[in-house]
1. In the stretch 559-581, how many residues are part of a helix (DSSP H, G or I) and open to solvent by less than 60 Å² (accessible area, probe 1.4 Å)?
2. Could you look through the stretch 59-70, keep only residues that are without any contact (Cβ under 8 Å) to a residue 24 or more places away in the chain and in contact with a Leu (Cβ under 9 Å, 6 or more places away or on another chain), and pick out the one that is most open to solvent (accessible area, probe 1.4 Å)?
3. Which helices (runs of 4 or more DSSP H) sit wholly inside the stretch 179-294 and have at least 1 residues that are open to solvent by 70 Å² or more (accessible area, probe 1.4 Å) and free of Cβ contacts under 8 Å to residues at least 24 places away in the same chain?
4. Return a yes/no flag: does the stretch 127-144 have any residue that is part of a helix (DSSP H, G or I), closer than 29 Å to Tyr244 by Cα and modelled with pLDDT under 80.
5. Need the failing condition index for Ser641 against (1) open to solvent by less than 60 Å² (accessible area, probe 1.4 Å); (2) part of a strand (DSSP E or B); (3) in contact with an Asp or Glu (Cβ under 8 Å, 6 or more places away or on another chain), just the number.
6. Quick test of your reading of the structure: Phe556 fulfils all but one of (1) in a loop (DSSP other than H, G, I, E, B); (2) surrounded by fewer than 19 Cβ atoms within 10 Å (Cβ to Cβ); (3) in contact (Cβ under 8 Å) with a residue 24 or more places away in the chain. Name the failing condition by number.
7. How do the pairs read when you match residues in the stretch 634-656 that are free of Cβ contacts under 8 Å to residues at least 40 places away in the same chain with residues anywhere that are part of a strand (DSSP E or B) and among the small types (Gly, Ala, Ser), using Cβ under 6 Å and keeping only pairs 6 or more apart or on different chains?
8. Do you know which residues across the stretch 604-625 are out of contact with any strand residue (DSSP E or B) (no Cβ under 6 Å at 6 or more places or on another chain), β-branched (Val, Ile, Thr) and touching a residue at least 24 places away in the same chain (Cβ under 8 Å)?
Amino acid sequence: MNLTKQTLLIVLFLSISHTVISNQYELSKSAADSLLCGFETAGVDERFRILIKLSKKICREDPAKAESYMLKAKSFVNEGIINQKLFNYYKYMSEVKLCQHKYEESLELSKKALQLQYDVLEYEEHIGAYVTSGMAYVFLGKRDKAQEAFFSGLRLADSVKADTLKASIYNKIGIVYHRMKDTTLAEKYFLLALDHDKKFNDQKLGSSVRTNLAAFYVVQQRDSEAEKLLLENVELAKKEDNYYRLNVNYYNLGELYNLQKKYKKAIVYMQKALEIAEKYLESSDVTKELYSLGQVHMQLQNYELAKAYIKSSLDIAEELNNKESYLPVLFAASEIYEHTNEHQKALSYYKKYTDLNDSLLNESRITAVTELQEKYESEKKEMEILTLSNEKVSAEKREKALVQTIFLLCFGILAFGAFYYYLRQNHKKNSIIQKKNLKIASDKIKLLEKGKEIVALESLMKGQETERERLAKEMHDGLGGLLAISHSKLTNLNGSGMKENSVLCEARDLIGNAYDQVRQISHNLMPMDLEKFGLIVSITSMIQRINHQYDIKIDFRTYNFDLLLNDELGLNIYRISQEALANIIKYAKARTVLIELFQYEDTISLSIEDDGIGFNLNNNNTGIGIRSMRNRTELLNGEFSIDSKVSIGTAIFVLFPFNSHWLKPNRT
């Protein structure tokens, strides 16, 4: 899936994390002001109700402020008394945590709400708590748990005949199956949600369902059906004067047409979305529209217009101090100035982009380390409890054995033979146990040694990649920038009216060649395409460079492979491919190479075959290149094998076990 399509799907699923239950209502700004005006004169229960309403109203736009309202509401709740007020606090605070992307906290609060006793008259709120916990499970990647929560809500809705709420739950179940890539069930539940919506005419929920179904159709390449649903949303939003939904659907249509390369239609709808955002919505929405318009104009090579839109988007994003939205706009700015040959500005924006990206990565790593530390402490406490429990059991066994020994001694000489026999048997048993314990200890030592080797190898690989990244960045940003500027100055000097000078021309060409080589070395050290466009594009780009430079034909094929792998697995597959191609160019004298990459069930397979001179495996199976490929494979619990025959060629086969851990997390 390409970058544009990813952007479209992110936008289409914009409402998923915020549309928790269909009976949530929106308050206008004037209504919110009116509520605040009456707050001071209201009673305790009315103040609690006002704070809940205000929190729900701003949960999507300002989750931090929504949390502050809920914390004020908590002061009116006695957690020692189980009542509807305590339930409402847990339930709506869980929705706030969902909007803040704090999914574990949201889940815990939803569970607390569902553990309380409740009156059947409040069934709507309890169905909402099931749906909130289901959405938290979705974003935590626990889809089985999400299904269980949604179907619990569905059963409750059936039992109390709450048909108006079933459409919302059908919608969420469709989302889960869509993420599980079960297209049949996903479409079934989306259509059930749409059918229920038509019966009860809930426009807000209907818009969400049509948006999610449109996203599903885009993945299935059914663009005309997706377009029809989004246009229906536009007409309904116009009738209701709902500017937020009108903006979202104009923007979705613009991205859909951009994906179809209908750039003029894309600009028309994105411009409409921008006008609504500037007049009625938040600055963050304006930033998004400006960025998208800049991207479309760059596709049309309208670079001046593209620069204007991206510059406006940068200004607003910088003012909002939103790092996540600022990052892609910085990268787009560097690309546009690169296209207009303004290399100094391009380099400046790219440096800002890399610095900000590094900062975000560091924050992410700190969070991950904290979570691992907490997990380690928790596991450590569990191990201490288990050890104490085992010691208690052992003490009880020793005490029992002592009592039995005293009892046997009382029988005197008559019982001595039986006691002697018992001791013999016990000695044999202890001997067997001791041997088993020695074997277990030996196995543990071997495992620890193996673990140390893996940790050392992992540290070595990470150190190599860090150093490659540093060298690539210094060469590209430092030496590359200087060569680019020198080349530009020589070109300007030679074209400034002076008589053409062959020495200057030769120097200019040499500097140009040096700049190209620096860029190529930088790409080999750290493939920039890998993070931007993914594994398939990165390998394809590497192959194109090799085909251009050497007299060799490389054929790259993929089957059933549309995965967005995380950096660890994706980089190792890229490095293995890079090392294999380097060995083929250096030693194999091959004319053709075939690279195949595919995913089948729970396995990712990579094979690289050439028709070169081959070699004898018995004499040459421990070279640095082969060791490097084997180490990278075994580091990720994969299987590496190589087969070669003299005068026939060489084949390398790599298998990795596949699970959701290797995928990049979805963004919403």
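The values are calculated or read from the model by the stated rules, or taken from the named source; none is laboratory data. Since the structure is predicted, the reported quantities are computational estimates derived from the model, not experimental observations. Cβ atoms come from the backbone with ideal geometry, glycine included; neighbour counts cover every protein chain shown. All accessible areas refer to the heavy atoms of the entire protein, side chains included, with ligands and DNA or RNA removed. Shrake-Rupley method; radii C 1.70, N 1.55, O 1.52, S 1.80 Å.
1. Applying the first criterion (part of a helix (DSSP H, G or I)) to the stretch 559-581 yields 567-581.
Going one step further and asking which of them are open to solvent by less than 60 Å² (accessible area, probe 1.4 Å), we end up with 569-581.
Total meeting the criteria: 13.
2. First pass over the stretch 59-70, keeping only residues without any contact (Cβ under 8 Å) to a residue 24 or more places away in the chain: 62, 65, 68-69.
Filter once more, keeping what is in contact with a Leu (Cβ under 9 Å, 6 or more places away or on another chain): 65, 69.
On the way: Lys65: 99, Tyr69: 27 Å².
The selected residue is Lys65.
3. On the way: elements: 183-200, 203-219, 223-240, 243-259, 263-280.
Filter on the stretch 179-294 gives 183-200, 223-240, 263-280.
4. Within the stretch 127-144, the first condition is being part of a helix (DSSP H, G or I), and the residues that meet it are 127-139, 143-144.
Filter once more, keeping what is closer than 29 Å to Tyr244 by Cα: 127-139.
With modelled with pLDDT under 80 added as a condition, the list becomes none.
The answer is no; no qualifying residue exists.
5. Answer for Ser641: the failing condition is (3).
6. All conditions are met except number (1).
7. Asp643/Ala651
8. Kept after step one, since they are out of contact with any strand residue (DSSP E or B) (no Cβ under 6 Å at 6 or more places or on another chain), are these residues of the stretch 604-625: 613, 616, 618-625.
Now restrict to residues that are β-branched (Val, Ile, Thr): 613, 622, 624.
Ile613, the sole residue that qualifies.
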